[in-house]
Every structure is written in C-alpha cells, then in structure tokens.
Amino acid sequence: MDTPVSISEKALEEIKNILRNKGIPDGYGLRIATKGAGCGVGFKLGFDKKKETDKEYFLGGVQVLIQKRELLFLAGKKIEFYDEADGRGFVFV
C-alpha cells in the first residue's frame, strides 16, 4: 500500500527517540493531521490511538495515522527534521 507521505531518515530517528524517551504509551502512533492556516492548510504532528476513520501506514517501523478526509492534503508531502543553530523541529516539504 502506497503511503501519501514520506519521512526522512533524520525525522524518523527523531520520532523514534520521542517514542522511547517521552513516555508515549504503547498503542499510540504518529498522527499526521491538517489544520487551518489563514488562506491555506497547515500540518501538525502528535501521538494518538487509531480511530475508525484513520488510514494506518507503517514507515520505518513507526505506525502512522491519518484521517481519511485529510489524505488529499498530505499526498506527496515529506516530513523532514530541521536541526540548526536557529532552531529545530519537524517541517513538511
């Protein structure tokens, strides 16, 4: 099954570190979601349990959850992890 998003190795490593070190309970996956952002669509990441309306994917051993209605907005996006002197965090490209 093709996934609508991809995750860079660096981002995947950071996600796995968060899962290991931040007390995320078993059974929670990485939720990729959309949010309103002025005239466009923004994206957000979090950890959540699977819901009936989710599509489920596994990328690099990480469970990824996306609401079916948001798949169109996420198609072709890649999650990168930015870590430079001026900041760090996940970015969608």
Exercise. Take the residues of the stretch 68-90 that are without any contact (Cβ under 8 Å) to a residue 24 or more places away in the chain and in contact with a Lys or Arg (Cβ under 7 Å, 6 or more places away or on another chain): which is surrounded by the fewest Cβ atoms within 10 Å (Cβ to Cβ)?
Worked result: Lys68
For this session: Within the stretch 56-79, track down each residue that is part of a strand (DSSP E or B), under 11 Å from Thr3 (Cα atoms) and not basic (Lys, Arg).
Result: Glu56, Tyr57, Phe58, Leu59, Val64, Leu65, Ile66
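Return the residue satisfying two criteria in turn: it lies in the stretch 1-55 and is part of a loop (DSSP other than H, G, I, E, B) and acidic (Asp, Glu), and of such residues it is nearest to Leu71 (Cα to Cα).
Taking the stretch 1-55 as the starting set, the residues that turn out to be part of a loop (DSSP other than H, G, I, E, B) are 1-4, 8, 22-28, 38-39, 49-53.
Subset that is acidic (Asp, Glu): 2, 26, 52.
Numbers: Asp2: 12, Asp26: 25, Glu52: 15 Å.
Across the stretch 1-55, the extreme among qualifying residues is Asp2.
Name the single residue, out of those in the stretch 2-23 being in contact (Cβ under 8 Å) with a residue 60 or more places away in the chain and either of a type outside the set (A, V, I, L, M, F, W, C) or farther than 20 Å from Ala75 by Cα (or both), that is surrounded by the most Cβ atoms within 10 Å (Cβ to Cβ). Can you show your working first?
Taking the stretch 2-23 as the starting set, the residues that turn out to be in contact (Cβ under 8 Å) with a residue 60 or more places away in the chain are 3-8, 10-11, 13-14.
Still in the running and either of a type outside the set (A, V, I, L, M, F, W, C) or farther than 20 Å from Ala75 by Cα (or both): 3-4, 6, 8, 10, 13-14.
On the way: Thr3: 15, Pro4: 17, Ser6: 15, Ser8: 16, Lys10: 14, Glu13: 13, Glu14: 19.
This residue is Glu14.
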Problem set entry | Any hit, the stretch 42-61, residues being under 18 Å from Phe92 (Cα atoms) and charged (D, E, K, R) | yes
For this session: Run Asp54 past the list (1) under 12 Å from the mean Cα position of the chain (by Cα); (2) surrounded by 14 or more Cβ atoms within 10 Å (Cβ to Cβ); (3) at pLDDT 95 or above; (4) not polar (S, T, N, Q) and report the number of the one that doesn't hold.
Result: (1)
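The values are calculated or read from the model by the stated rules, or taken from the named source; none is laboratory data. Not measured: the values here are computed from a predicted model. Note that each Cβ is placed from the backbone with ideal geometry, even for glycine, and that neighbours are counted across all protein chains shown.
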